[in-house]
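Beneath this line is the structure, given in structure tokens, with notes to follow.
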Amino acid sequence: MPHAAHGSARKAGTPVPGAQAIARAAHLLRLVTAAGDTGASVADLAHDADLTRPTAHRLLSALRVEGLVDRDDATGHWLPGPELYLMGSVAASRFDITATARDIVRSLAVRTEESAFLSVRRGDETVCLVREDGSFPIRSFVLFEGVRFPLGVASAGLAILAFLPPPDVDAYLERHPELVERWGASHSPARLRTRIADTQARGYAVNPGLIVEGSWGVGAAVFTRTGDPQWALSLTGVEFRFGGERLAELGRILLAHAHQLSTRIAAR
């Protein structure tokens, strides 16, 4: 009993020993997985994690010993390790909806001829889980499986952000003043709030080439049984394919598929 009493006596907000190192390592893991199949250099990872290069290298080396990351000796780039795959396989039974959604994403790509995606909300970001390319020969490569964007940046994240409770939106914008510096003036709180209102009125989000010029995206939120926007379906393509009446038609198709997936998830 003395051991249990000691554990319960820890006050809320008291620093947990080793928490900073764990947070840094977790941030590096997310950056490594977001880099995709090509991986990332230690210099880039250190910069993005706001760490010194020696600190980043030390943490990555420790993660490598545990099998959580790997290093390509030819390029020096760091990649996801085999232990992450094993952990992910176990966690998938609780969190993964890709098997539930894959045929819907494929149908969306076939119907529109554009690249279609499923993304999931993870904290203040979206992570792309599934990509299905349509038949149109010109494609956008802004999104790929594993890539992360802050909420409100890509169309999927804007669709999710738009349907969060207003206090959650306010808190998110307060937490992330760096959005303007990193993603440009179009991501100021005022302009993001305008796009949020447009998304709510329209039902789906539109990204008019704000990440890569000429590459447009549309996104629609997918909801849990309790009405939380936890996922999003999206389409990306070249600008001339996303204008006028065709944009409205893409939006209708997207919303229909998002509703189908929300209904399917609620019935699981």
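The values are calculated or read from the model by the stated rules, or taken from the named source; none is laboratory data. Owing to the predicted nature of the structure, the values given are computational and were not obtained by experimental measurement. As a convention, Cβ positions derive from the backbone with ideal geometry for all residues, glycine included, and neighbour counts pool all protein chains shown. Surface accessibility is based on the protein's heavy atoms, side chains included, excluding ligands, DNA and RNA. Shrake-Rupley method; radii C 1.70, N 1.55, O 1.52, S 1.80 Å.
Put a dot 7 Å past the Cα of residue 240, heading toward its Cβ, do the same for residue 53, and the two dots end up 4.5 nm apart. Among 21-30, 220-229, the peptide with the highest mean count of other Cβ atoms within 10 Å heads the list, and the full ranking is 220-229, 21-30.
Give, as a single signed number, the net charge of other residues whose beta carbon lies under 12 Å from the beta carbon of residue 38, with Lys and Arg counted +1 and Asp and Glu -1. Result for the neighbourhood of residue 38: -3. Ligands, DNA and RNA are left out, and with a 1.4 angstrom probe the accessible area of the chain is 54 Å² per residue. What the phi angles of segment 157-174 give under the Karplus curve with 6.51, -1.76 and 1.60, with θ = phi - 60°, is a coupling list of x, 5, 4, 5, 4, 5, 10, 7, x, x, x, 5, 5, 4, 5, 4, 5, 5 Hz, glycine and proline written as x. Top mean-square fluctuation among 80, 165, 208, Gaussian network model of the chain, C-alpha springs under 10 Å? Among 80, 165, 208, the largest mean-square fluctuation in the Gaussian network model of the chain belongs to 165. Using the Cβ-Cβ distance between residue 41 and residue 213 with R0 set to 22 Å, the FRET efficiency from 1/(1 + (r/R0)^6) comes to roughly 0.25. Each residue of segment 122-135 is assigned a 3J(HN,Hα), and the resulting list reads 9, x, 9, 10, 10, 10, 6, 9, 9, 10, 10, 7, x, 8 Hz, derived from the Karplus form 6.51 cos²θ - 1.76 cosθ + 1.60 (θ = phi - 60°), x at Gly and Pro.
Set the Förster distance to 35 Å, then compute FRET efficiency between residue 61 and residue 98 from the Cβ-Cβ distance, nearest 0.05.
On the way: r = 32 Å, r/R0 = 0.91.
The computed FRET efficiency comes out at 0.65.
Against the main long axis of the alpha-carbon atoms of the chain, helix 82-95 sits at an angle near 60°.
For residue 61, the shell of other residues with beta-carbons less than 14 Å away shows a net charge of +2, using +1 for Lys and Arg and -1 for Asp and Glu.
Residue ranges 242-255, 121-134 sort as 121-134, 242-255 when ordered by packing (mean number of other C-beta atoms within 10 Å per residue, highest first).
Fully extending the segment from residue 19 to residue 133 would add 37.0 nm, taking 0.36 nm per residue of separation and subtracting the current Cα-Cα distance. The GNM of the chain, with springs linking C-alpha atoms under 10 angstrom apart, assigns the highest mean-square fluctuation among 209, 157, 217 to 209. Computed over protein heavy atoms with a 1.4 Å probe, the carbon and sulfur contribution to the accessible area of the chain reaches 57%. Only one of the values (i) 15.6; (ii) 17.4; (iii) 19.2 was calculated from this structure for mean projected area of the Cα convex hull in nm²; name its label. Checked against the structure: label (ii).
Mind ordering 112-118, 42-48 by average Cβ neighbours within 10 Å, highest first?
Working: 112-118: 24.7, 42-48: 17.4.
In decreasing order of mean packing, 112-118, 42-48 become 112-118, 42-48.
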